[in-house]
Every structure is written in C-alpha cells, then in structure tokens.
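Heads up, the thing below is written out as structure tokens.
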Amino acid sequence: NAGVTQTPKFRVLKTGQSMTLLCAQDMNHEYMYWYRQDPGMGLRLIHYSVGEGTTAKGEVPDGYNVSRLKKQNFLLGLESAAPSQTSVYFCASRNRAEQYFGPGTRLTVT
Amino acid sequence: AQKVTQAQTEISVVEKEDVTLDCVYETRDTTYYLFWYKQPPSGELVFLIRRNSFDEQNEISGRYSWNFQKSTSSFNFTITASQVVDSAVYFCALKTGGGNKLTFGTGTQLKVEL
C-alpha cells in the first residue's frame, strides 16, 4: 500500500494563478483532510470530508476550495493564489481514530 | 471548543540527557483521543502514539514514555537518553470522540546535540 500520496511535492506560483493539489489514499478511509503548516502555528485544518461527495470547512477555509468526487481522492484548489498561501500543505486520511498523513506539498506564492 | 497547548517552543539538550515535552489540552468532552506526532527535518509527520480518555495508564515504548494525567489535563512525552536522531518537531494533538477533526498544538522543536 502507498498510504497517502500528494501531488505535486513542490510548486511555485505567481500571485493570481490557480492550481490544484491532489491527495490520494489507498486505505479505503472515509475521512480525508487538508491542513496547512506555517512556522510557529502548528497544523491548521483547511477543509475536510467525511465521505465521497461531502466536504466541510475547517479552521482556515478562505481562499481554498475542495472536492471529493471519488472516495480515494481529495482535491484542494486555489483559485487565485496569494502570498499568504505560501505554506506546506498536508493531506491526511483517517480510519477510526488515527490520521495518516501524506508527505506534504511545499507551495510558494510570489 | 478544544485547545492544545505546547508551551515549550524549543528545547535543546545534550545527547543522553532525558527530556520531557509538555502538552496541556482543553476539552469539555468526556470521550477524546490524544496523539503525539514527530516531524523530523525531512518534513513528514510520523505517528507516535494514541491514547483514549478512558485509559490513563502510562505507556513506555523503548526510550519513549508518555504520562497521561486527566487531573491536570496533560499528556507529556519523555525521551530517555536522547539521541541526535530524536531532533525533530513534536506535535501533540486532540480529537474528541464524536468529532471529525484533530486539533494540534503549535509544536515543540527538540534539538539534541553531541
């Protein structure tokens, strides 16, 4: 099993550009999450999904959209990137209690 | 609302010293789970332990041990005889029993030097 994978690993965007981050899991988990990690702030939840076709807002959802069209995939979109969205993004999926994290995507917006 | 506080931003120790990382949590739920994750310099998040609120038994795994005390709402993590490979950021996290989300602390950067 690959576990949780994220694509891409690194990306540089210019302000105003759009992009989609892909998260995939092969553990048949219902729950999936997107976090961002910024220095000194730990991980903050952006959006999450409790099952295929569902999404919900987390702690810092503004400027992001998500979709969960297939159970194994959870997409995070930035429609118009801003420098404040420079961060490391982690995807996670969950079984009953434990979350499994992907390797992270480092995004820089200039 | 739930909250996790890791008051120690950075700790530096010399190899072979013991070190304790503090975690204090807040929740009104009676059923909850507590976690520790390790984030080494390579950046991935490594799961270390999960405890549920009904199990206050302390746990030891090799050089790692965890002290869960509901009376003080704390879930502290001790590394015995620290090694350079223990250098990482350590996160404590909380999930309520009926909730869908993990709440993370801000992390403690541990530096173990020779």
Counting only strands (runs of 3 or more DSSP E) wholly inside region B:9-111, the ones holding at least 1 residues that are under 10 Å from the mean Cα position of the chain (by Cα) and touching a residue at least 24 places away in the same chain (Cβ under 8 Å) are B:19-21, B:24-26, B:32-39, B:46-52, B:64-69, B:74-79, B:88-96
Quick count over region A:99-110, residues being within 14 Å of chain B (Cβ to nearest Cβ) and either outside any loop (DSSP other than H, G, I, E, B) or at positive phi (or both), is 7
Does A:Pro83 satisfy the condition of being at pLDDT 95 or above, over 25 Å from B:Thr108 (Cα atoms) and within 14 Å of chain B (Cβ to nearest Cβ)? no
Q) Out of curiosity, is B:Val89 crowded, with 20+ Cβ neighbours inside 10 Å, farther than 24 Å from A:Asn95 by Cβ and touching a helix residue (DSSP H, G or I) at 6+ places or on another chain (Cβ under 7 Å)? A) no
Filter pass, B:Thr27 being open to solvent by 20 Å² or more (accessible area, probe 1.4 Å) and not basic (Lys, Arg): yes
B:Val46 fails exactly one of (1) open to solvent by less than 10 Å² (accessible area, probe 1.4 Å); (2) within 14 Å of another protein chain (Cβ to nearest Cβ); (3) of a type in the set (A, V, I, L, M, F, W, C), namely (1)
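The values are calculated or read from the model by the stated rules, or taken from the named source; none is laboratory data. Since the structure is predicted, the reported quantities are computational estimates derived from the model, not experimental observations. Here the Cβ is made from the backbone with ideal geometry for all residues, glycine too, and neighbour counts use every protein chain on show. To get the accessible areas, we keep the full protein, side chains included, count just its heavy atoms, and leave off ligands, DNA and RNA. Shrake-Rupley method; radii C 1.70, N 1.55, O 1.52, S 1.80 Å.
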